[in-house]
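Single-structure report; data block below.
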Amino acid sequence: MSPLTPKNWGLTPLGPQQVQYLKGYYYNLLCRCKLQHRCDSDDILSQVWEKAAEVERLERRIENPEAWAKKVGERIILQKKRRELSEKKSIQKLEPMIQSQIFASPRDDLYCDGTLGQMLALALKELKQTKPDFYQLVVMRFFGDMSWEQISLELYPDTAISRKTINRVRQRGSRALKKLRKIFFRNLETL
């Protein structure tokens, strides 16, 4: 039995070969969706186990656990892909506005008169004051057009860059973007 298999999954437990098949299936789907940088097959499998535990708590029966796990894993991966695409779209919408409004004038005394560019400038300024490391990540990634690997090399020059390091930097970048978005919309609501 695989160490990832829950002990009390009252359904027909999956054997090691079925678990390996699912991991391979998830890996192939992650590759086709170009999401290997976000998670791996073990992450998807653990999320599937969590869903299975929820189903068990609701006392529902799963007739074919392998097919169910395959379908749930597909849904999780496709949801991650949709989330990544929406993040890219929101970044693409903000990039021209940011570049034209903020970096055209490097003044530090930006005041808000209600325009979105200036609101974004204020959000970036506040991000720089509260979370300078997040600000640095946002600037390097979205204004410096640096890849996550380049940013990892820049932030951790003394360490060997691994996939884990790149993923850690990417996750911090995602949190930085969320923080910037939160600041921006909070400021927008106060108008």
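Residue-level check: of (1) more than 30 Å from Phe185 (Cβ to Cβ); (2) part of a helix (DSSP H, G or I); (3) modelled with pLDDT under 75, Pro13 misses just (2).
For every residue, the table says whether it meets (1) surrounded by 17 or more Cβ atoms within 10 Å (Cβ to Cβ); (2) among the charged types (D, E, K, R); (3) modelled with pLDDT of 85 or more.
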{"residue": "Phe134", "(1), (2), (3)": "yes, no, yes"}
{"residue": "Val169", "(1), (2), (3)": "yes, no, yes"}
{"residue": "Gly173", "(1), (2), (3)": "yes, no, yes"}
{"residue": "Ala176", "(1), (2), (3)": "yes, no, yes"}
{"residue": "Lys179", "(1), (2), (3)": "yes, yes, yes"}
{"residue": "Leu188", "(1), (2), (3)": "no, no, no"}
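State yes or no: is Leu30 open to solvent by less than 70 Å² (accessible area, probe 1.4 Å) and at pLDDT 85 or above? So Leu30 passes the test.
Scanning segment 34-74 for residues that are assigned to a helix (DSSP H, G or I) and among the basic types (Lys, Arg) gives Lys51, Arg57, Lys70, Lys71. Under the condition of being closer than 19 Å to Gln20 by Cβ and of a type in the set (Lys, Arg), the residues counted in segment 36-72 number 2. The numbered conditions (1) more than 24 Å from Asp40 (Cβ to Cβ); (2) surrounded by fewer than 19 Cβ atoms within 10 Å (Cβ to Cβ); (3) of a type in the set (Gly, Ala, Ser) are all true for Ser147 except (1).
Per this entry, Gln18 is counted among residues that are in contact (Cβ under 8 Å) with a residue 24 or more places away in the chain and of a type outside the set (Asp, Glu).
The values are calculated or read from the model by the stated rules, or taken from the named source; none is laboratory data. Everything numeric here is computed off the predicted structure, so don't read it as measured data. As a convention, Cβ positions derive from the backbone with ideal geometry for all residues, glycine included, and neighbour counts pool all protein chains shown. With ligands, DNA and RNA removed, areas are computed over all heavy atoms of the protein, side chains included. Shrake-Rupley method; radii C 1.70, N 1.55, O 1.52, S 1.80 Å.
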